[in-house]
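Encoded as structure tokens, the structure appears first; notes follow it.
The values are calculated or read from the model by the stated rules, or taken from the named source; none is laboratory data. Keep in mind the model is a prediction, meaning the values are calculated, not measured. Quick reminder, even Gly has a Cβ in these numbers, built from the backbone with ideal geometry, and neighbours come from all protein chains shown. The accessibility values were calculated without ligands, DNA or RNA, using every heavy atom of the protein model including side chains. Shrake-Rupley method; radii C 1.70, N 1.55, O 1.52, S 1.80 Å.
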Amino acid sequence: MVKPEVIKIDEVEYVRKDSMPKTTGEIRIVILQRGWVVVGRFSQVGSNCKLTNANIIRTWGTTKGLGEIAMNGPTSKTILDRSPEINFHELTVIAMINCVESAWNTKLS
């Protein structure tokens, strides 16, 4: 049976709770299967995840791992490759690291 995304009652539309984004716009580093490490503004609807303003992190450029750039933003040795929107399934995620917004804002605009 197909579940409707939206229903209308008395001329008011209601959207399914599980079709709404779980989080919207938080900057996260996402480690995916096969060694992909990406960063961007994260959102999720159901099991579908998306990064907008995305970059592939080709070189971390850190001495203290991914946590260093999550907290302080990219270093002078970090290499980021701009990417269109990145879509992936939640089961392909190995780990996610929340980033400090102010450290990344200028790098993801």
Inset, instruction - Could you check, for region 50-72, whether at least one of its residues is out of contact with any Asp or Glu (no Cβ under 8 Å at 6 or more places or on another chain), under 30 Å from R16 (Cβ atoms) and open to solvent by 40 Å² or more (accessible area, probe 1.4 Å)? - result: yes
Inset, instruction - Please go through region 50-109 and pick out each residue that is among the acidic types (D, E) and under 13 Å from L32 (Cβ atoms). - result: E90
Legend entry - Residue in region 78-107 that is surrounded by the most Cβ atoms within 10 Å (Cβ to Cβ), counting only those that are assigned to a loop (DSSP other than H, G, I, E, B) and not basic (K, R): C99
